[in-house]
1. Placing unit charges on C-beta atoms (Lys and Arg positive, Asp and Glu negative, everything else neutral), compute the dipole magnitude of the chain about its Cα centre in debye, rounded to 20.
2. How would segment 460-562 be classified by its alpha-carbon gyration tensor: rounded, prolate or oblate, with rounded meaning a/c under 1.5 and the a/b versus b/c comparison settling the rest?
3. What shape does segment 247-350 have by the C-alpha gyration tensor, where a ≥ b ≥ c are the square roots of the eigenvalues, rounded means a/c under 1.5, and otherwise prolate means a/b greater than b/c and oblate the rest?
4. Hey, which aspartates and glutamates would be in cross-link range of Lys407, C-alpha to C-alpha under 14 Å, not counting anything within fewer than 8 residues on its own chain?
5. Relative contact order (percent) for the chain, with alpha-carbon contacts under 8 angstrom and 6 or more residues of separation?
6. Hey, what did segment 15-102 get for relative contact order, percent, Cα under 8 Å, at least 6 apart?
7. Explain nothing, just compute: Karplus ³J(HN,Hα) = 6.51 cos²θ - 1.76 cosθ + 1.60, θ = phi - 60°, for every residue of segment 378-395 in order, whole Hz, x for Gly and Pro.
8. Evaluate E = 1/(1 + (r/R0)^6) for Thr343 and Thr542, where r is the Cβ-Cβ distance and R0 equals 41 Å; express this FRET efficiency to the nearest 0.05.
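The values are calculated or read from the model by the stated rules, or taken from the named source; none is laboratory data. The structure presented is a predicted model; accordingly, all values stated were derived computationally and were not measured. Don't worry about glycine lacking a Cβ; one is built from the backbone with ideal geometry, like all the others, and counts go over all protein chains shown. Protein only, heavy atoms only, side chains kept; ligands, DNA and RNA dropped before computing areas. Shrake-Rupley method; radii C 1.70, N 1.55, O 1.52, S 1.80 Å.
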Amino acid sequence: MKDGFIRVAAATPNIKVADCNYNADRIIELIRQAAEEDVSIVVFPELCITGYTCGDLFLQKVLLDGAKKALVRIAQETSDCGLLAFVGLPFEVDGKLYNCAAAINNGNIIGFVPKKNIPAYSEFYETRHFTPWREGNIAVKDVDTADDDDERYRSYTCFGDMLFWCGEIPELVIGVEICEDFWIPEPPSGGLATAGATVICNLSASDEVIGKSEYREQLVKSQSARCVCGYIYADAGMGESTQDLIFSGHNLIAENGTIIGESRKFTTGLTFGEIDLHRIISERRRMNTFGAGNSPNLKRNGYDSCEFSVTPKDIELKRSFPPMPFVPTNKDDLNSRCEEILTMQAVGLATRLRHIGCKNAVIGLSGGLDSTLALIVAVHAFDMLGLDRKGILTVTMPCFGTTKRTKNNAMSLAEAYGVVLKEIDITASVRLHFADIGQDESVTDVTFENGQARERTQVIMDIANKTGGIVIGTGDLSELALGWATYNGDHMSMYGVNAGVPKTLVRHLVSYESANTEDKQLSEVLNDILATPVSHELLPPTEGEISQKTEDIVGPYELHDFFLYYMVRCGFPPQKILRIAEQSFAGRFDRDTVKKWLTVFLKRFFSQQFKRSCLPDGPKVGSVTLSPRGDWRMPSDACVKLWLDDLNV
């Protein structure tokens, strides 16, 4: 099981109602197809051996015996498939009939899970035929059929509430619920997950009506998110009786709130998904909610333990990972996300201004993306509070690396927003400082660069004191991750509005502002800022053009934001990040390029923690933050060696 991924499948066979032998043939075919695709878990619909729509035929001994014989044959004829399969059938215990999921593994029928909640409103009157299972466990003799003499199929097995755990893959623990169990206010999957199940399998027969598929998808997504688990939902389809209802075979596979596999409605066959068990476990480490279910002596929360065996498979990933995980791919979602983030940033700043009774703000406006976003947020905050925009003082501070383009954009931006602009050329001040410390101006080293950044910070800090305002920080989340800031220079402010926003998202926020303003002048200057290369402009320009492009030095921000998300948010090790990045950026960056910049990211992320340990206040707006007071608490002296070793294995 490389990197924690297992391939699973939801299966909808094309059945014939009450023809158990025919249905068994179709089930066997799909199990074999699943095995050929390196599937570890395959889930079939509710009562699929008989068909869900048998009605009063469920009370006929001929059908019940036929279902048991078919189950035995399915187990026998798939004994070499090396996976765990769940199939649905009616099963009688102590004179009562239950709607069950049977677990089949390596030729053995290892357990039965009965349905707990029988819908009273069902058009097929389930309550007329089936008994709801309450709680507990009993031992039953499997499927003792008259024409079967193999003792393997005459052993006793567990019937009732249980967890299935994998001996070879400790993270793989499975819980089962059946159709209606999932639609009630407190589904069994909640208890199964808290007892340790990392994957929930649902054998279902959900009829199709207008609008139901969208609701079904929402339920699967939300339950997988609430339970922090993988969720496999197998739905009945073609072949079920259409006397009164239609079944669409709408199969769904989800992982922690995200759909990773979905069938087209009114089709049959296999729907695949690749569940990341390591990510599920990583998410659960952050909580105190979930137990560990991989124990041979498990008896937790009333669930018995049932072991199964699956050979770990190094599958070729077919699952996709978005190259920009901080940015929604859907345009409507992106617009609403941008609106929400801008509002959150503005509310944060407005709350701080109101709390301290401040009506003035100072921003170092460079004409670049980050300071532009900081100004946008400040304008929104002042408008929220009903404050005069003239209380926003923007300061442009040209020096050795400033180009005409960025300076003009800063001036045009301030004019378009109706804020105050002050130009202070810091060249003479920096030269005097260089003379004081003995810095040769022709040596464009780190002292040359940082001297300018710290002079700019000193200027705006003192102006803030002079005007009774606060300095609004411009640095973003990506820069904080890389430590791409001058300590006590642009690293420092009185409130950092962009601290929770990665660079890839900064661009979209500025673009959103441009698209939603009615001011043509403002839109034009914002678009030109978006087209300007990212730079701190601390080195002299070449023929009037920016000579210091940040991404040429530290690497593409798209890659770094990808690394940041999957390392900090998901807890992925470097080799896994490299693997999925190579897939996500195929055609743009090759493996060597990705590995080069991932090495840079890791080294900088660890070595630059000291800058993050003393960050100014700033709002968290997404699932990743590097505030030492919030979600990321890391020692400044931590060693990167283990992570580099993992990357270079």
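1. Numbers: 66 positive and 87 negative charges, 334 e Å.
Dipole of the chain, to the nearest 20 debye: 1600 debye.
2. Judged from the Cα gyration tensor, segment 460-562 comes out rounded (a/c under 1.5).
3. Oblate, since a/c reaches 1.5 and b/c is not below a/b.
4. Qualifying aspartates and glutamates at Cα under 14 Å: Glu415, Glu423, Asp425, Asp528, Glu537, Glu545.
5. In percent, rounded to a whole number, it is 11.
6. Working: 128 pairs, mean separation 32.4, N = 88.
The value is 37 percent.
7. The phi angles translate into 4, 4, 4, 5, 5, 5, 4, 7, x, 8, 5, 4, 5, x, 9, 9, 9, 10 Hz.
8. Values: r = 40 Å, r/R0 = 0.98.
Given R0 = 41 Å and the Cβ-Cβ separation, E is 0.55.
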